[in-house]
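The values are calculated or read from the model by the stated rules, or taken from the named source; none is laboratory data. For clarity, every value in this text was computed on a predicted model and none was experimentally measured. When we count neighbours, we look across all protein chains shown, and the Cβ atoms used for this are built from the backbone with ideal geometry, even at glycine.
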């Protein structure tokens with residue numbers, strides 16, 4: 001079987017401007033949503049208490065809300081979680097509030113309404129821990145970006161490092177933009193997914209960069225544009241198949257992983273889809289605009305033999 | 001050209017065999033068990049206890065399927081949950097004659113039912129995190145400021161005592177927020193005092209200040225002494241938590257330091273958070289009371305043993321079995337105790353415990369001892385609402401200075417344990433819960449199932465696609481991917497890294513990413529074939545050329561994984577561990593293992609006309 005019988009190089013670079021405009025627009029939209037709506041941080045970052053309560057029959061969210069309001073709780077949220085029988089209750093931090101006392105009094109109130117209410121999970125995070133998590137997350141993102149730029153600069157050329165990281169950070173911002181637009185909950189696993197995607201999408205850029213370097217050696221007469229077009233075209237089937245396989249694994253998670261892994265899988269899905277686009281069609285034009293030349297990648301003839309490259 | 005030397009095949013075969021071996025324990029499931037551990041710091045679980053457990057089980061005709069002792073205590077494996085409950089009762093009865101005051105913790109637990117020879121080579125099932133097995137997780141923050149304040153308080157007392165001993169007159173000692181200020185009338189006295197304090201209390205950094213009318217000496221705790229105080233506070237709090245958690249009867253509690261001022265407490269299987277919190281937060285203390293000398297005669301003691309205790313007294317039995325009547329009136333509580341260290345008596349060289357009291361405590365103690373020379377005083381440890389007489393020495397002279405020594409009839413080990421017990425009786429500094437996670441057991445089981453399902457369905461989809469698209473090479477890729485899964489599970493089992501739900505997600509994701517290497521290789525081989533290379537040359541070139549790309553792309557993934565591992569906590573860390581391990585195993589399996597298969601299948605054929613890797617005949 002063969003999906004990609006592409007006989008001629010596709011002139012990607014001719015449309016480079018269009019791709020860059022698309023990227024820029026999505027990027028700006030994402031930044032706009034982030035600025036306007038902000039991320040819906042989970043209590044892991046903001047601090048607070050989350051209770052997961054399970055009922056024997058479909059839970060009446062409205063009734064739960066009323067019960068809690070009667071108990072003088074404010075600013076909480078109640079929603080179904082995974083199934084109609086499970087609800088998730090989020091409580092903000094209150095100074096001097098003991099989490100044990102809180103979960104107990106909430107459960108007492110809910111059990112009085114419906115005897116089948118059972119507490120499945122409680123999570124409490126203090127304000128200090130939340131701030132630290134947010135700081136550490138940002139730090140991890142920074143270190144990963146720097147690490148990747150340095151590695152690619154060392155392995156290829158600084159232009160590839162810079163282009164790859166711009167392309168992939170643009171992915172990260174777009175994922176964040178989705179989370180801001182839909183107000184999906186941004187939790188620690190989502191952060192992990194974003195960083196994993198950052199490392200993974202760079203693979204794409206590496207594969208294309210490897211091919212560009214190889215083409216510079218093999219196609220000595222070709223123009224830079226032609227070389228980049230050929231590199232993208234010849235790695236395209238691999239790109240799509242690999243991403244398809246990874247997406248299959250993520251899709252299984254999305255379908256069977258339950259509510260706990262839902263947003264993790266969602267973040268990965270967006271990341272994979274935009275990863276294909278950005279690491280190929282954003283990175284390559286950037287590299288060209290940064291002015292990549294044959295001399296940047298092809299070392300003098302003597303050294304060439306030793307390197308095994310795709 | 002597509003042949004591996006024999007040793008490569010041997011290495012691959014060996015890796016697979018080891019992988020199978022260390023993955024094996026995960027398939028045996030868990031058997032009900034009873035675990036016995038010590039509930040008191042002074043009691044050790046040893047062979048004698050093992051014999052008692054064995055005998056108790058024999059007496060009630062319970063046949064354990066396994067009985068052994070390890071670092072955590074004694075474990076008894078049983079056939080089913082009915083005998084497990086019965087065995088627990090029987091063992092608890094045999095070991096704890098007084099159920100109100102248990103010496104041993106007897107808890108229900110689950111033990112891997114993998115055969116003993118697997119356990120002997122350290123092949124254990126994966127260690128499941130709390131989100132998969134259910135339980136409580138707390139992160140406690142120690143209030144270090146309070147620990148330092150406490151230390152300053154005791155230093156104030158020390159300075160007062162020292163100056164009085166040396167007859168140096170001061171006009172006042174006060175504790176400020178960050179240090180101690182001593183006031184003097186003239187400069188000469190201040191210089192004298194400074195010398196004394198510098199000699200006796202090296203922890204203080206002293207400086208002179210003050211105007212013409214008043215001469216002040218300010219002492220702050222030196223940074224290294226501060227650090228020592230904080231480390232000590234943390235250690236003591238961890239010890240206290242250990243003692244308290246023993247009471248809960250948790251099978252495998254985790255109590256660990258995290259960072260400079262935090263403690264993680266994980267209690268697998270515990271559902272009652274309220275109870276757990278109450279126990280963690282409660283203070284056990286030391287009490288010093290006087291022995292009721294008037295009623296210490298044989299008749300009154302015998303009556304007290306029967307329950308007729310004289311008014312205002314309580315009946316206790318000392319460690320050495322001596323009965324004792326102790327007054328209810330408390331002379332001193334553990335709040336006044338700032339330190340307890342094991343050591344030796346200066347004169348007799350007997351093992352002893354040195355107690356340090358704070359200023360108020362020292363004064364009370366001096367007054368009481370002066371009035372009660374020749375009488376006995378009892379030192380009690382009030383734990384779990386019940387008291388135990390640690391020792392009841394005779395007061396031989398007035399004891400001032402807040403330094404008290406307990407000695408007599410003690411071994412070095414006992415002195416160590418007693419000091420620990422006294423220290424651990426109370427928290428060195430208050431703690432606050434800054435993070436809490438409780439997961440019910442049903443949710444844990446659900447999480448395992450969901451994680452497992454996602455992995456399997458993802459794996460099956462990828463496998464089906466690879467075999468249809470790349471035919472025989474697809475099959476090789478799938479076998480390589482399976483060995484990747486095998487190695488990953490084996491590594492996780494071997495390292496006993498905690499597997500969490502994000503960890504399972506990382507397994508699924510790693511499989512989806514690892515196939516990238518094989519896709520790269522297979523695509524490259526097809527391309528070479530299309531360009532007219534012979535099958536053998538195409539296979540060779542495909543693997544050789546793809547290798548550099550595979551290493552590059554995995555290293556970038558690994559950079560992200562390591563950043564997550566370093567900066568992540570909780571669920572992110574669980575994800576990062578598996579992700580990083582998965583990247584490492586995937587390089588080996590997708591390159592070396594799949595190449596071995598290809599080489600075995602095609603490498604030895606002289607005339608290889610075509611290979612089954614899908615359609616490459618289009619131009």
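Checked against the criterion of being surrounded by fewer than 18 Cβ atoms within 10 Å (Cβ to Cβ) and either facing chain A (nearest Cβ under 8 Å) or modelled with pLDDT of 80 or more (or both), segment B:404-414 contains not a single residue that satisfies it. Condition check: surrounded by 24 or more Cβ atoms within 10 Å (Cβ to Cβ), farther than 30 Å from residue B:7 by Cβ and in contact with a strand residue (DSSP E or B) (Cβ under 9 Å, 6 or more places away or on another chain). Does residue B:574 satisfy that? For residue B:574, the condition - surrounded by 24 or more Cβ atoms within 10 Å (Cβ to Cβ), farther than 30 Å from residue B:7 by Cβ and in contact with a strand residue (DSSP E or B) (Cβ under 9 Å, 6 or more places away or on another chain) - is met.
Quick grid of which residues meet (1) exposed (fewer than 13 other Cβ atoms within 10 Å of the Cβ); (2) over 28 Å from residue B:419 (Cβ atoms); (3) in the same structural domain as residue B:164 (by TED's automatic domain parsing); (4) in contact with a helix residue (DSSP H, G or I) (Cβ under 7 Å, 6 or more places away or on another chain):
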site	(1), (2), (3), (4)
B:197	no, no, yes, yes
B:217	no, yes, yes, yes
B:233	no, no, no, yes
B:239	no, no, no, yes
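Against the list (1) at pLDDT 90 or above; (2) facing chain B (nearest Cβ under 10 Å); (3) buried (at least 24 other Cβ atoms within 10 Å of the Cβ); (4) within 22 Å of residue A:168 (Cα to Cα), the condition residue A:235 fails is (1). Remark: residue B:572 matches the filter, which requires a residue to be within 24 Å of residue A:44 (Cβ to Cβ), part of a helix (DSSP H, G or I) and in contact (Cβ under 8 Å) with a residue 12 or more places away in the chain.
Of the candidates B:584, B:564, the single residue that is at pLDDT 90 or above and within 14 Å of chain A (Cβ to nearest Cβ) is B:584. Annotation: of all residues in segment B:442-482 being surrounded by fewer than 18 Cβ atoms within 10 Å (Cβ to Cβ) and in contact with a strand residue (DSSP E or B) (Cβ under 8 Å, 6 or more places away or on another chain), the one that is nearest to the other protein chains (Cβ to nearest Cβ) is B:442. Of everything in segment B:587-619 that is touching a helix residue (DSSP H, G or I) at 6+ places or on another chain (Cβ under 7 Å), surrounded by fewer than 22 Cβ atoms within 10 Å (Cβ to Cβ) and within 14 Å of chain A (Cβ to nearest Cβ), the residue that is nearest to residue B:497 (Cα to Cα) is B:587.
Does residue B:123 meet the test of being crowded, with 19+ Cβ neighbours inside 10 Å and part of a loop (DSSP other than H, G, I, E, B)? So residue B:123 fits the description; yes. Counting only strands (runs of 3 or more DSSP E) wholly contained in segment A:1-110, the ones carrying 3 or more residues that are within 30 Å of the chain's Cα centre (by Cα) and away from every other protein chain (no Cβ under 13 Å) occupy A:77-81, A:83-91.
With away from every other protein chain (no Cβ under 12 Å) and farther than 26 Å from residue B:526 by Cβ as the only criterion, which of A:256, A:264, A:274 stands out?
On inspection, the qualifying residue turns out to be A:274.
Please specify each residue of segment A:178-187 satisfying the condition of being part of a helix (DSSP H, G or I), over 15 Å from residue A:275 (Cβ atoms) and in contact with a helix residue (DSSP H, G or I) (Cβ under 6 Å, 6 or more places away or on another chain). Explain how you work it out, then say what you get.
Taking segment A:178-187 and keeping what is part of a helix (DSSP H, G or I), we get A:178-182.
From what is left, the residues that are over 15 Å from residue A:275 (Cβ atoms) are A:179-182.
If the condition is that a residue be part of a helix (DSSP H, G or I), over 15 Å from residue A:275 (Cβ atoms) and in contact with a helix residue (DSSP H, G or I) (Cβ under 6 Å, 6 or more places away or on another chain), then A:180, A:181 are the ones that fit.
For segment B:107-120, the tally of residues that are in contact with a strand residue (DSSP E or B) (Cβ under 8 Å, 6 or more places away or on another chain) and outside any strand (DSSP E or B) stands at 3. Just name the residue that is surrounded by the fewest Cβ atoms within 10 Å (Cβ to Cβ) out of those in segment B:532-557 that are more than 7 Å from chain A (Cβ to nearest Cβ) and within 21 Å of residue A:243 (Cα to Cα). Within segment B:532-557, the match that is surrounded by the fewest Cβ atoms within 10 Å (Cβ to Cβ) is B:551. Here the condition is being in a helix (DSSP H, G or I), within 8 Å of chain B (Cβ to nearest Cβ) and either under 24 Å from the mean Cα position of the chain (by Cα) or more than 23 Å from residue B:137 (Cβ to Cβ) (or both); of A:166, A:143, it holds for A:143 alone. Within segment A:173-190, being modelled with pLDDT of 90 or more and within 17 Å of residue B:579 (Cβ to Cβ) holds for one residue alone: A:190.
Exactly one residue out of B:559, B:550, B:521, B:539 is more than 21 Å from residue B:486 (Cα to Cα) and without any contact (Cβ under 8 Å) to a residue 60 or more places away in the chain, and it is B:559.
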